[in-house]
């Protein structure tokens, strides 16, 4: 998962882009980058690390210009090389930089096309670099020295014809403007907004989540529609056009479960309200299937599950308490490569307040159970803190299959629910009882916010991949890339290479 942002303004955009990245930091903690345009000259700074570590004051001063794009990243295939930090740049045609959230599912096929047919060189393993070169080639087909906005939209249309998978993209064309576009399924989120200036003109911003607009005083206009492209010229002139021949809106439901901030609105659905409804659905399930429950207290596992847990406690008529204190200076364990690092980080990340557990039957609530490593350790922490019984509830159904659209869910055999029953998972994580959200309840909880959305990408729960091009051979390839052994080998190789630099 990644976060993207772009701004066209009447003043320098470096500080605004940096602020946007800090708000989107939850979407990626591996690398950060900003590219700006001053006249026709591009300035770029990117590296591994959090935004606060990548950009010093002196580097920020070099990022001059009234338009720019930005990116925070974690690696979908586990690579931590700084060479794959974004934005990516290609000089032909016109000078382009691109930042991408999502994952192409036909990358290997496109790599061959880009080399053999488009005669372009790919320097990394990133599908984002492939996407940039596909767009660059299609833009070059205009054959013009001076671009028009229509030329840009035609290039996006050709990208839609060639690329499959999930992509929310921002592109900056040197001296011309900023482009944002979204795949025809609208799997990954992307919104845009406007900020009026004192002079009466407008600044425009594109971002992964609406919260990035909020903090910079941009008014949310709407989401970029599936298959649509928006283009803002350097003078602030705004354009929008549908560029896909066929669309089928199917946003990723896991954005609402886990990734997005609760104060964001995605596809006209409040993430906060969706999570409240998830909690209400879970409470209803418990009251139906376990009416004589003996739950004394509901405790969320910080932070994503707090909204659902609070609603659950209310509907169950039991106390809601904060039983874990989170260390704010440790990253998300879900994002960390390598099982050893995940295991080590849980104890550093959370500490139990014993008085909230001692002698009580506790219901722990989390957004989901992926590998189960964290869940198992947290349940043991609750027991060590004195809990009499430890029940566990997941706001999401069992995660049984990999996500191929930009979320680094591991190989299938590393998912605790893969080929296991719910009772098997309960025993594996050491809970006295495990309550999963039902898939239909999850879809209803999220979809109630926008009745125009007819279905969601739920592939990690249902094994139904919306793009229609995912087979066992493809899943075997990504399993080879994503399993912990492969990730650890890549990390070791990257460390060695960086030591040689």
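The values are calculated or read from the model by the stated rules, or taken from the named source; none is laboratory data. Everything quoted here is computed from the prediction, not taken from an experiment. Note: ideal-geometry Cβ built from the backbone for every residue, glycine included; neighbour counts use all protein chains shown.
Of all residues in the stretch 430-450, those that are surrounded by 20 or more Cβ atoms within 10 Å (Cβ to Cβ) and closer than 12 Å to residue 286 by Cβ total 4.
Kindly evaluate residue 53 against the criterion of being assigned by TED's automatic domain parsing to the domain that holds residue 143, outside any strand (DSSP E or B), touching a helix residue (DSSP H, G or I) at 6+ places or on another chain (Cβ under 7 Å) and surrounded by fewer than 17 Cβ atoms within 10 Å (Cβ to Cβ). Here the answer is no, as residue 53 does not meet what is asked.
Let's see how each residue does on (1) in contact with a helix residue (DSSP H, G or I) (Cβ under 9 Å, 6 or more places away or on another chain); (2) surrounded by 24 or more Cβ atoms within 10 Å (Cβ to Cβ):
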| residue | (1), (2) |
| --- | --- |
| 186 | no, yes |
| 190 | no, yes |
| 196 | no, no |
| 200 | no, no |
| 208 | yes, yes |
| 216 | yes, no |
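Checking the stated criteria, residue 228 turns out not to satisfy the condition of being assigned by TED's automatic domain parsing to the domain that holds residue 8, more than 23 Å from residue 403 (Cβ to Cβ) and at pLDDT below 95.
Report whether or not residue 427 is out of contact with any strand residue (DSSP E or B) (no Cβ under 8 Å at 6 or more places or on another chain), farther than 28 Å from residue 72 by Cα and free of Cβ contacts under 8 Å to residues at least 12 places away in the same chain. It is true that residue 427 is out of contact with any strand residue (DSSP E or B) (no Cβ under 8 Å at 6 or more places or on another chain), farther than 28 Å from residue 72 by Cα and free of Cβ contacts under 8 Å to residues at least 12 places away in the same chain. For the stretch 453-462, the candidate set comprises residues that are surrounded by fewer than 16 Cβ atoms within 10 Å (Cβ to Cβ) and at pLDDT 95 or above; within that set, the residue that is nearest to residue 290 (Cα to Cα) is 462. Scanning for something under 27 Å from the mean Cα position of the chain (by Cα), outside any loop (DSSP other than H, G, I, E, B) and under 25 Å from residue 16 (Cβ atoms), does the stretch 102-119 turn up at least one residue? So far as the stretch 102-119 goes, yes, one or more of its residues are under 27 Å from the mean Cα position of the chain (by Cα), outside any loop (DSSP other than H, G, I, E, B) and under 25 Å from residue 16 (Cβ atoms). Checking each residue in the stretch 237-264 for being closer than 29 Å to residue 442 by Cα and outside any loop (DSSP other than H, G, I, E, B) picks out 252, 254, 255, 256, 257, 258, 259. Residue-level check: of (1) crowded, with 16+ Cβ neighbours inside 10 Å; (2) touching a residue at least 60 places away in the same chain (Cβ under 8 Å), residue 32 misses just (2).
Residue-by-condition table, conditions (1) out of contact with any helix residue (DSSP H, G or I) (no Cβ under 9 Å at 6 or more places or on another chain); (2) modelled with pLDDT of 95 or more; (3) over 24 Å from residue 48 (Cα atoms); (4) surrounded by fewer than 24 Cβ atoms within 10 Å (Cβ to Cβ):
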position: 72; (1), (2), (3), (4): no, yes, no, no
position: 77; (1), (2), (3), (4): no, no, no, yes
position: 82; (1), (2), (3), (4): no, no, no, yes
position: 114; (1), (2), (3), (4): no, yes, yes, yes
position: 143; (1), (2), (3), (4): yes, no, yes, yes
position: 155; (1), (2), (3), (4): no, yes, yes, no
position: 169; (1), (2), (3), (4): no, yes, no, no
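Every residue, every condition in (1) touching a strand residue (DSSP E or B) at 6+ places or on another chain (Cβ under 8 Å); (2) modelled with pLDDT of 95 or more, yes or no:
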{"site": "274", "(1), (2)": "no, yes"}
{"site": "281", "(1), (2)": "no, yes"}
{"site": "296", "(1), (2)": "yes, yes"}
{"site": "306", "(1), (2)": "yes, yes"}
{"site": "312", "(1), (2)": "yes, yes"}
{"site": "325", "(1), (2)": "yes, no"}
